[in-house]
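Notes to accompany the following structure.
The values are calculated or read from the model by the stated rules, or taken from the named source; none is laboratory data. Values in this document were obtained by computation on a predicted structure and should not be read as measured data. Positions of Cβ are backbone-derived with ideal geometry, glycine not excepted, and every protein chain shown enters the neighbour counts. The area values use the complete protein model at the heavy-atom level, side chains included, leaving out ligands, DNA and RNA. Shrake-Rupley method; radii C 1.70, N 1.55, O 1.52, S 1.80 Å.
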Amino acid sequence: MALEKPAPNSADVGLVGLAVMGQNLVLNMADHGFKVAVYNRTTATTEKFVADNPKSGLGEGGELIPAADLKDFVASIKKPRRIVILVKAGGPTDAVIDSLVPLVEKGDVIVDGGNALFTDTIRREKTLGDKGILFVGSGVSGGEEGARFGPSL
């Protein structure tokens, strides 16, 4: 299944990283009526996740809005954009942030949901803040079930 280009400004929030925690946090948001843009570096993962979770199985008003590339993903999120990153801490998180920076604007928000080293969080907040991009380091705790039904952030 090839992913169609998502409509601009169609998602309330976006999430990058569809491993176990990312998938469950997305489903939690969608069950609470949010339209969630989803992106994973491996497009096949995004395709399978969306196929396995049709709109009919989500909460009222909830929807998954998949994107095959980061540019379309960012464009699909309403401004000011709210983007959650749930990838491996360290270099992978920095790589995602570096890929997002040219695509986002002043006033957009990037949330690192991984369990980053506090010094990385401080550095990212400073670097992004200097560009007018808001950054929040807020690890997701509670495991797979917590992310799905009531994470501690």
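With axes computed from alpha carbons, what is the tilt in degrees of helix 43-52 against the longest principal axis of the chain, rounded to the nearest 10 within 0 to 90?
40 degrees
Whole number please: convex hull volume per residue, Cα atoms of region 34-106, in Å³.
Enclosed volume per residue, from the Cα hull, is 95 Å³.
Rounded to the nearest 5, what % of the DSSP beta bridges within region 44-153 are antiparallel ones? Working shown, then result.
Details: 1 of 9 bridges.
Looking only at bridges with both residues in region 44-153, the antiparallel portion is about 10 percent.
Rounding to the nearest 20 debye, state how big the charge dipole of the chain is about its Cα centre with +1 on each Lys and Arg Cβ and -1 on each Asp and Glu Cβ.
For the chain, the charge dipole is close to 320 debye.
Near the amide H of Val136, under 5 Å away, which other amide H atoms are found, from residues 5 or more places off or on another chain, if H is placed in the peptide plane?
Correct list: Ile110, Val111, Asp112.
Among Phe135, Tyr39, Ala68, which residue has its Cα furthest toward the positive end of the charge dipole of region 28-153, with +1 on Lys/Arg Cβ and -1 on Asp/Glu Cβ?
Highest projection toward the positive end goes to Phe135.
For mean projected area of the Cα convex hull in nm², the choices are (i) 9.9; (ii) 9.1; (iii) 8.1; which was calculated from the structure?
(iii)
Whose amide H sits under 5 Å from the amide H of Lys35, counting only residues 5 or more places off or on another chain, with H placed in the peptide plane?
Hits under the 5 Å cutoff: Asp12, Val13, Glu63.
Can you give me the C-alpha center-to-center distance between region 31-80 and region 99-153, rounded to a whole angstrom?
Their Cα centres are 19 Å away from one another.
Do the alpha carbons of any pairs in Lys55/Lys126; Lys48/Lys106; Lys48/Lys131; Lys55/Lys106; Lys55/Lys79; Lys48/Lys88 sit beyond 28 Å of each other, and which pairs?
Values: Lys55/Lys126 38 Å; Lys48/Lys106 33 Å; Lys48/Lys131 35 Å; Lys55/Lys106 32 Å; Lys55/Lys79 23 Å; Lys48/Lys88 20 Å.
Where the Cα-Cα span goes over 28 Å, the pairs concerned are Lys55/Lys126; Lys48/Lys106; Lys48/Lys131; Lys55/Lys106.
Can you compute 3J(HN,Hα) from phi for each residue in region 89-98, using the Karplus curve 6.51 cos²θ - 1.76 cosθ + 1.60 with θ = phi - 60°, rounded to whole Hz and x for Gly and Pro?
5, x, x, x, 5, 4, 4, 5, 4, 4
Helix-only mean residue ellipticity at 222 nm, the chain, DSSP H runs n ≥ 4 weighted -39,500 (n - 2.57), per residue, nearest 500. What is it?
Result for the chain, helices only: -10500 deg cm²/dmol.
Leaving out ligands, DNA and RNA, what percent of the accessible area of region 30-153 is carbon and sulfur, probe 1.4 Å?
55 percent
Residues of region 1-30 with amide nitrogen under 20 Å from the 7 Å Cα-to-Cβ point of Lys48?
1-4, 15-28
Quick one: what are the phi-derived ³J(HN,Hα) couplings along region 61-75, Karplus 6.51/-1.76/1.60 with θ = phi - 60°, whole Hz, x for glycine and proline?
Coupling constants for region 61-75: x, x, 7, 9, 10, x, 9, 8, 9, 5, 4, 5, 4, 4, 5 Hz.
Using modelled amide H (1.01 Å from N, peptide plane; none on Pro or chain starts), what sits under 5 Å from the amide H of Arg82, excluding residues fewer than 5 places away?
Distant-sequence amide H within range of Arg82: Gly14, Val109.
If you count only protein heavy atoms with a 1.4 Å probe, what accessible area per residue comes out for the chain, rounded to a whole Å²?
Working: 7770 Å² over 153 residues.
Ligands and nucleic acids excluded, the figure is 51 Å² per residue.
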